[in-house]
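Down below is the structure, laid out as structure tokens.
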Amino acid sequence: MTEVLLRARAGTDGRPASIDAYRAVGGYAGLARALKDLKSDELIEIVKQSGLRGRGGAGFPSGMKWSFVPRGEKWDGGPKYLLCNADEMEPGTFKDRVLFEQNPHALIEGMVLAAYGMEMTEGFVFVRREYFRQTDDFEKALIEARQAGMLGQNILGSRFSFDIHVHRSGGRYICGEETALINAFEGKRANPRSKPPFPATKGLWGRPTTVHNVETLACVPGIAANGAEWFKNLAATPEGAGTKLYGGSGALEAPKCIERPIGTTLRALIDEMGGVRGGKQLLAVIPGGASTPFIPADQIDVPMDYAALEKIGSRLGTGTFIVFSEDDCPVHGTLNMQRFFARESCGFCTPCRDGLPYGVEILERFEQGRATMADIDLLDQLYAFIGPNSFCALAGGAAEPIKGLIRHFRPLLEEHVTSKGCPFARSREAVHA
Amino acid sequence: MPEIVFDGKKVTVPAGTNLVEAGGAAGTSVPVFCYHKDLGAVGACRVCAVSIKQNDKTRMAMACMTEAQDGMDVTTLDPQSRQMRKWVTEWLMVNHPHDCPICDEGGECQLQDLTIATEHSIRRTELKKRTFENQYLGEFITHEMNRCITCYRCQRFYQDYAGGRDFGVTGSRDRVYFGRFEPGAFESAFSGNLVEMCPTGVFTDKLFRYKSRVWDLEISPSICPHCSVGCNILPGARHRMLQRVRARENEAVNGVFLCDRGQFGHGYIMDPARPRDLRMSDGTTDWDAALGVTGGALLEIARAHGGESVALITSTRASVETHFALEALASGALAGARISHFEDADREASALASLSALATAGAQPLEQSDLAGCDVLVIAGTSLVDEAPLAALAARQCARRGGRVFVVSPLERYLGDVATVIPTHPAAVAGTLEALASGTGDGAVAAAGKALMGAQKPGLLLGGDLLDGPALAAGAALARSLVRSHGSSGKPVRFGTLFPGPNGFGAAAMSKDAALAGILADLEAGKFKAAVVVESDAAAWSPRARQALGNLPLLIVLDYLPGILADTAQCFFPTEATYESNGIYVNRAGRAQGFAQVRVPGRSVIEEIRDDSFRRSYQRTPNEGGARMAWWILDALRKRTVGSPEVRDLAGIRDALAAARPAWAPLRAVLAGDEGTVLDPAAFQPATATTPAFERGDGLRVFRMDRTLGSEVLSRRSEPMRKMAGTPVALVSPGDAARLKLGGRVSLDAGGSAVELECRAEAGVPDGVVLVPRDVEWPILPKQGASVRVTAALAEAAR
């Protein structure tokens, strides 16, 4: 099994891989090569060729993102910022934490490489507040990297200088939205900004800024060291590129986070995690965090990759899936997620602020046996207007599981109406608890 | 210039126009909550969603966030847009309370309008409405957060537009809260605009609470009488009471904004202490008889002692028509009567000098809209937010739009965060302005001079209270030199000054000379046999002049305020205040603006029936009380003295003014409610007046100045205004405070005239200066810049 992101791992003492351990498995070779042999344009081209796409949820091609930042002639010479989004708050998602805990130098090297490619001057890591222990360890890793000349002035003796600072977030889901993250960074309310201007031209403190997810950045060292073709070939499918940290949670025998070639089928991943807990029947899976639509049990042979999941009406998202067994009510699961989205709304725009609690209330009617058949359509219409008409993607993400719920589980919703409540005993207990 | 189709109508709009404005141009009023033309677009409320067909694709977008592009076919009428508006209404009504019956916003509530328009009538969610705790925000504004629809307009106005720091937004999700860190009075001088900014009823006028439905108000266009900016307003009356004042839009003057002094300073109108009855020492109660008796007495004195034995005095709060009617009285037997158009001799001299400076500078007028449009703006000799609040708000917009603002003043407490402040002793303002003109000086002065010279659109605004004669002269010289240097390349140079009162410009333009000092000296010396004092007051007179009033054989007073003049007069005629009369004020930039009667004077229905229950119908004219417009009374007296054929109407008196003084002819075209007409100061051949230089000797010098709330003569009579203003505080420099151990209560002694008040050190105030609010009453008013001794007050010293 090829492990790239996690090729160095925490030791028996529970501390993350040291810089020496990381270098022993080829760490920082990519940086050395890039600084010695590659111009920034060439590095960007390689990243473009590699097919790397953002691992934070939206899946935007990374090389293209890099190319939006003004460089060379177009750069005014002022500061440009690289932000690492480590505000991992998508429900069910715990992959960036694993990288932090196991192999922080992959992130550091990735950030230095990205900064080199985009000719950036300063880097910041915006970390979820719950990851305080991991952040302490990450700060130690930064010191190691500086001492080894991988970070700071004249990295590896080159003319390139770049340093990374850590920002511990106050913690809100909305901080995962890149412009809200930038506002939070500036000490403002974490409300998203309107685009344009895009962060690439006007981001943090009005300067060109790129925001990347932890895992995306950690993919870069391998690409820099081994080239675009190598990265593409890591994938399980011809159209994919790289490996992916897949996390599984919910009704699994052995929930965990593992690195596998991107495009590995959902069935294979579930099997690797010991199958459905207690030998129960699989009912459905949410493939990539709360803002991705359900996949019913009969579609789990789908490769876990961007295009394949979109083809069946879902999304890869963060690639960390939640498994529902025959005992778990998808309506209740959706209600739980909608409560999360309504609570995490920043309150800026009307559909998200006031529409999401409205949705929660409708779902509660189903779970509590007060719903009518007309409420299914009400739910459908409500989210059809919330999703596309909100200011940012938060409410659009909230609408996704509702779409999946109605598409795949309409009969189940109807059953909630006819049986005046949730047919799943376990959920009913939870609702009335 | 993109051409688009909006709701089927073709329009061409300037590039960069958003679709809300483009819709307006096509005749569609796109519903909005968060969008406001002065606050910009943020895309929060989502109610302005429209369908846009472009390149054979149709999409829904927010009109406020979308710029018109050539070939767009935009509609608000398709099912998608309609449905979206329905949803937004339903979402907002999830939490908005159904308290419309007791909400003061009812009838002018944008949310109410949209709820009606989208026919939202059935609540489909069972969510419990969220509730908030409201805050005490002072005497002017009521807070009702449950009504909030989270459009952010209040925060964007208060913080971004007006620069306030004590109000903002907290919380998240459906519990976003707009308020202060803790309950307390708003600190901003512009808080009243929240009433207008809020599309629903979160912020309502406390003085208007539960007084009337807005559609029952009798309204007329009027002009704010509380400073020389001349903001356009729309007061409303009901039950023969003035109920509230709102801003009326005039882009050249106040936009859609007002200051708190203007919005909440109207308590003097319904003040129970206001003298509202004709009062003759011989007991006459009939108006016609009283006018006959008074005219006869005046005529007798004039015949016996000559016209010069009569003094005629009015003030900067009287209308142009009143000024002219007073002047017109001085003919026939009264020819030679001595006239002053001012209530304060110092302010008379400085107003005349200001008008003369404007007339000779050759620059363009510096109107409010120009203040915001300058690329370099220099403000000198004033604490602008205290003297003319809306001018300060406009100056802030200048800075927000990228203009550079410099302030040369001993005190700047509003623009400090956006302007370069050059703290300057009032006696040194002249020197600084000279340095700007000659390009000498260093630091900020050099920067300001350099910026002015390089400006594309330079502006210079000179103050009133803290500007002496030499500073005015230096400012005028600076304006002239800018006109010389910029005029050849066609760059407009804008130059303005502040004036006292709402009609200081008009009073100065009407004046032949600065006469008040001489008149008061002769009054003290007993040289007058009669005086007619019209809507003026004696607060700035010497005690001896005030005493001399009692010895006058005939004192005729016309006014709507109580005071020593009204009390002493043998013949007192109650007059109609601004909101009760028709007339014209000329604002500080020479803009003549008309105002029309909002309410009839006299006792309110509630006073009459001694019952405050809600009355459905009432007669519009009162049974008792009553007043007339001052110019009408003067014209009636003229009929009985000079013997003119008849009492004129408003048009008649304006025609007569135009005939007597052609420079005033443009007034004949001014209608209340229009945008006004700008008069050319040069047309008036203003009288020259010499105003002395402030001294800067050893020791402390006292300077009287306005404060935003509490010092202006009309508004300070209202109770909530007094509460919000607090007690006056003398300001000194931190250096002087430390050196002289000042703080707490102090005694100020200016040559035997002493007052006691609180004293505070204020950063930025230069050494040697004591700034005292104008509303502090002195036994004898000290001259500006008089030497003053400051000591800890006795009680304080004993402690």
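Throughout, read-outs are computed from the coordinates displayed, never taken from laboratory work. Bear in mind that the values here come from a model prediction, so they are computed numbers and not experimental data. Backbone-built Cβ (ideal geometry, glycine too); neighbour counts: all protein chains shown.
Overview of values
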{"read-out": "Angle between chain B longest axis and helix B:630-641 axis [Cα atoms, degrees, rounded to 10]", "value": "30 degrees"}
{"read-out": "Eligible lysines near B:Lys450 by straight Cα distance, threshold 29 Å, same-chain separation 8 or greater", "value": "B:Lys491"}
{"read-out": "Over 23 Å between alpha carbons, listed pairs B:Lys211/B:Lys723; A:Lys232/A:Lys311; A:Lys65/A:Lys232; B:Lys86/B:Lys128; B:Lys53/B:Lys86; A:Lys140/A:Lys232", "value": "A:Lys140/A:Lys232"}
{"read-out": "Rotationally averaged projected area of the range B:151-195 (alpha carbon convex hull; nm²)", "value": "3.2 nm²"}
{"read-out": "Alpha carbon convex hull of the range B:723-785, volume per residue in cubic angstrom", "value": "95 Å³"}
{"read-out": "If the convex hull is drawn through the Cα atoms of the range A:107-169, its volume per residue in Å³", "value": "68 Å³"}
{"read-out": "Estimated [θ] at 222 nm from DSSP helical runs (n ≥ 4, -39500 (n - 2.57)) normalised by residues in chain A, nearest 500", "value": "-13000 deg cm²/dmol"}
{"read-out": "P(r) histogram, all alpha-carbon pairs of the range B:627-759 included - 5 Å bins from 0, percent", "value": "2, 7, 9, 11, 10, 11, 11, 10, 10, 10, 6, 3, 1, 0"}
{"read-out": "Mean-position separation - Cα centroids, the range B:435-457 and the range B:44-79, in angstrom", "value": "48 Å"}
{"read-out": "With 10 Å bins from 0: P(r) over the range B:71-181, alpha-carbon pairs, percent", "value": "11, 37, 33, 16, 3, 0"}
{"read-out": "Test item: Cα-centred dipole of chain B, Lys/Arg +1 and Asp/Glu -1 on Cβ, debye", "value": "1060 debye"}
{"read-out": "For the range B:351-484, alpha-carbon Rg relative to the globular expectation (2.2 N^0.38 Å, N residues)", "value": "0.92"}
{"read-out": "Positive minus negative residues near B:Phe157 (Lys, Arg vs Asp, Glu; Cβ under 11 Å)", "value": "-1"}
{"read-out": "Percent of beta bridges antiparallel (DSSP, chain B, rounded to nearest 5)", "value": "55 percent"}
{"read-out": "Compactness relative to 2.2 N^0.38 Å, alpha carbon Rg of the range A:147-202", "value": "1.52"}
{"read-out": "Expected 222 nm ellipticity per residue - DSSP helices of 4 or more, -39500 (n - 2.57), all of chain B, to 500", "value": "-8000 deg cm²/dmol"}
{"read-out": "Sequence-separation-based contact order of chain B, relative, with Cα cut under 8 Å and 6+ spacing, percent", "value": "13 percent"}
{"read-out": "Proximal aspartates and glutamates relative to B:Lys529, as straight alpha-carbon distance under 20 Å, when same-chain residues fewer than 8 apart are discounted", "value": "B:Asp282, B:Glu300, B:Glu308, B:Glu327, B:Glu343, B:Asp537, B:Asp567"}
{"read-out": "Rel. contact order, % - alpha carbon contacts under 8 angstrom, at least six apart, chain A", "value": "16 percent"}
{"read-out": "Alpha-carbon spread of chain A, three principal axes, descending order, Å", "value": "72, 44, 38"}
{"read-out": "The protein assembly as shown - charge dipole about Cα centre, Lys and Arg +1 at Cβ, Asp and Glu -1, debye rounded to 20", "value": "620 debye"}
{"read-out": "Chain A: antiparallel DSSP beta bridges as a percent of all, rounded to 5", "value": "40 percent"}
{"read-out": "Degrees separating the helix B:345-361 axis from the principal Cα axis of chain B, which is the longest one", "value": "60 degrees"}
{"read-out": "Whole-number Å³ per residue for the convex hull built on Cα positions in the range B:302-351", "value": "66 Å³"}
{"read-out": "log₁₀ of I(q)/I(0) at q = 0.04, 0.07 Å⁻¹ - chain B, Debye sum with one point per alpha carbon", "value": "-0.18, -0.56"}
{"read-out": "Cα-based equivalent ellipsoid of the protein assembly as shown: semi-axis lengths in Å, sorted from largest, via gyration tensor", "value": "71, 36, 26"}
{"read-out": "Exercise: per-residue mean of other protein chain Cβ atoms within 10 Å, B:166-174", "value": "5"}
{"read-out": "Diffusion coefficient, µm² s⁻¹, Stokes-Einstein with Kirkwood Rh over alpha-carbon pairs of the range B:546-608 at 20 °C and 1.002 mPa s", "value": "151 µm²/s"}
